[in-house]
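Enquirer: Quick one: the structure is below, questions incoming.
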Amino acid sequence: MSIVANRMIIDEVRERLADKLTAKGLEDVTETISDVLANYEILPNVVQDTGTDMMLDAYIDAMDVEGLSKKTLGYYRLIIQNFLKRAGVTSGNVTQYHIRQYLATEKARGIADTTIRNYCWVFSAYFGWLHRDGIISRNPMNNIGRVKVQKKVREVFSEIDIEKLKNGCLCLRDKAIVCFLKSTGCRISEVTNLNRDDIDFQNLECIVLGKGNKERRVYIDSVTGMILKEYLESRQDLSPALFTGRRTDRLKPGAIRKMLKDLGERVGVEHVHPHKFRATELTELANRGMPIEQVKLLAGHEKIDTTMGYVKVDQENVKNSYRKYA
């Protein structure tokens, strides 16, 4: 019998007998049961797969109406389907023990804690919705603890890195992309969805469509505005897209990621990717004194904790602030 299944059964026995036996008696009983279980191979009670889980379909449809992106919905469906298939149950029959066994098995397989935490977020959203709508009588996530994840500060570019990247661009378009990513702190999907008419050059700003189809205003510096305008004036095509490719009307996120990776290798800057520009800009704004609430709005985050995960605080600024206010 698997160690995970053994532990699940012992945990349930402890929970049921905790108020009926002494601590010594409970220990004797659980040790005996554990020894007995070791001699048996217990198979899960597998529910016949009907090919479709109506509860999951209903949840995805509801979230689609609420405005979640197709990408997010696909991610949710994949995670939940994989769990249900591995657990061998339908949504209405899931218990906390199915979830605990699945998470423990994933961790034993070497799946990262951040990924397991994401699983928990998805399960909480899904089963919480089912419970609130009265589709299931009990939320199996109620007694599932939080997954602790070591917080890592995101990497940022130095000023020298940014200059190397700008000077290493092979064309005006690539330089405009580098400057725009750094200046706005936008997500790559937000950048590729922009049209040239979206840019307000007079006020050096534009409105982007972020996660959850939420619009927000972002700003560009004067140098970026000049380079971007020069790039657009040099184009001969009629595409409305802000950035275009050689073979496509609109540049795709994958093409920008590859361009940046190649650029970084060419100029000797490590780990060049779109989100690193975002972390760099948010960090610089915070360290220059912009209130974190305003940085949060600029980034399009719902929670300040999310924004703080991007910001690498300058300890010298912390020390100076301490000397000022202490």
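Enquirer: For the stretch 260-286, give me each residue that is farther than 13 Å from residue 181 by Cα, out of contact with any Lys or Arg (no Cβ under 8 Å at 6 or more places or on another chain) and assigned to a helix (DSSP H, G or I).
Expert: Restricting attention to the stretch 260-286, the residues satisfying the condition of being farther than 13 Å from residue 181 by Cα are 261-271, 283-286.
Those left that are additionally out of contact with any Lys or Arg (no Cβ under 8 Å at 6 or more places or on another chain): 261-266, 270-271, 284-286.
Selection gives 261, 262, 263, 264, 265, 266, 284, 285, 286.
Enquirer: Cβ-Cβ distance below 9 Å, separation of 6 or more or different chains: which pairs start in the stretch 284-310 with a residue that is farther than 19 Å from residue 208 by Cα and end on one that is among the aromatic types (Phe, Trp, Tyr)?
Expert: 286/310
Enquirer: Tell me which residues, restricted to the stretch 194-235, are among the aromatic types (Phe, Trp, Tyr) and either under 25 Å from the mean Cα position of the chain (by Cα) or closer than 30 Å to residue 67 by Cβ (or both). Let's see the steps before the verdict.
Expert: First, pick out the residues of the stretch 194-235 that are among the aromatic types (Phe, Trp, Tyr): 201, 219, 231.
Hit for the stretch 194-235 is 219, nothing else.
Enquirer: Whether any residue in the stretch 67-88 is at pLDDT 80 or above, among the β-branched types (Val, Ile, Thr) and out of contact with any Leu (no Cβ under 6 Å at 6 or more places or on another chain) is what I want to check.
Expert: Yes, the stretch 67-88 has at least one match.
Enquirer: What number goes with the only condition from (1) closer than 21 Å to residue 168 by Cα; (2) touching a helix residue (DSSP H, G or I) at 6+ places or on another chain (Cβ under 9 Å); (3) without any contact (Cβ under 8 Å) to a residue 40 or more places away in the chain; (4) not aliphatic (A, V, I, L, M) that residue 217 does not pass?
Expert: Checking residue 217 against (1) closer than 21 Å to residue 168 by Cα; (2) touching a helix residue (DSSP H, G or I) at 6+ places or on another chain (Cβ under 9 Å); (3) without any contact (Cβ under 8 Å) to a residue 40 or more places away in the chain; (4) not aliphatic (A, V, I, L, M), the one that fails is (1).
Enquirer: Continuing with this model, one more query. Can residue 174 be described as more than 25 Å from the chain's Cα centre (by Cα), at pLDDT below 90 and of a type outside the set (Ser, Thr, Tyr)? Write out each step before concluding.
Expert: Details: more than 25 Å from the chain's Cα centre (by Cα): yes; at pLDDT below 90: no; of a type outside the set (Ser, Thr, Tyr): yes.
Spelling it out, it is not the case that residue 174 is more than 25 Å from the chain's Cα centre (by Cα), at pLDDT below 90 and of a type outside the set (Ser, Thr, Tyr).
Enquirer: Given the stretch 139-200, what helices (runs of 4 or more DSSP H) lie entirely inside it while holding 1 or more residues that are in contact with a Ser or Thr (Cβ under 6 Å, 6 or more places away or on another chain) and either touching a residue at least 60 places away in the same chain (Cβ under 8 Å) or in the same structural domain as residue 259 (by TED's automatic domain parsing) (or both)?
Expert: Details: elements: 159-167, 172-184, 188-192.
So the answer is 172-184.
Enquirer: Restricting attention to the stretch 206-240, and to residues there that are among the basic types (Lys, Arg) and in a helix (DSSP H, G or I), which single residue is modelled with the highest pLDDT? Walk me through it before giving the result.
Expert: Kept after step one, since they are among the basic types (Lys, Arg), are these residues of the stretch 206-240: 211, 214, 216-217, 229, 235.
Now narrow it down to the ones that are in a helix (DSSP H, G or I): 211, 229.
Details: 211: 80, 229: 96.
Filtering first and then ranking leaves 229.
Enquirer: Which ones in the stretch 96-112 are without any contact (Cβ under 8 Å) to a residue 12 or more places away in the chain and part of a helix (DSSP H, G or I)?
Expert: To start, the set of residues in the stretch 96-112 that are without any contact (Cβ under 8 Å) to a residue 12 or more places away in the chain comprises 107, 109-112.
Result: 107, single match.
Enquirer: I want to confirm something. Restricting to the stretch 215-270 and keeping residues that are exposed (fewer than 11 other Cβ atoms within 10 Å of the Cβ) and of a type outside the set (Asp, Glu), which single residue is nearest to residue 285 (Cα to Cα)?
Expert: So in the stretch 215-270, the residues exposed (fewer than 11 other Cβ atoms within 10 Å of the Cβ) come out as 215, 222, 233, 236-238, 246-247, 254, 268, 270.
If we keep only those that are of a type outside the set (Asp, Glu) too, we end up with 222, 236, 238, 246-247, 254, 268.
Numbers: 222: 16, 236: 36, 238: 36, 246: 34, 247: 36, 254: 27, 268: 25 Å.
Of everything passing the filter in the stretch 215-270, 222 is nearest to residue 285 (Cα to Cα).
The values are calculated or read from the model by the stated rules, or taken from the named source; none is laboratory data. A quick note: this is a predicted structure, and the numbers were derived from the prediction, not measured. Every residue, glycine as well, gets a Cβ built from its backbone with ideal geometry; the counts of neighbours run over all protein chains shown.
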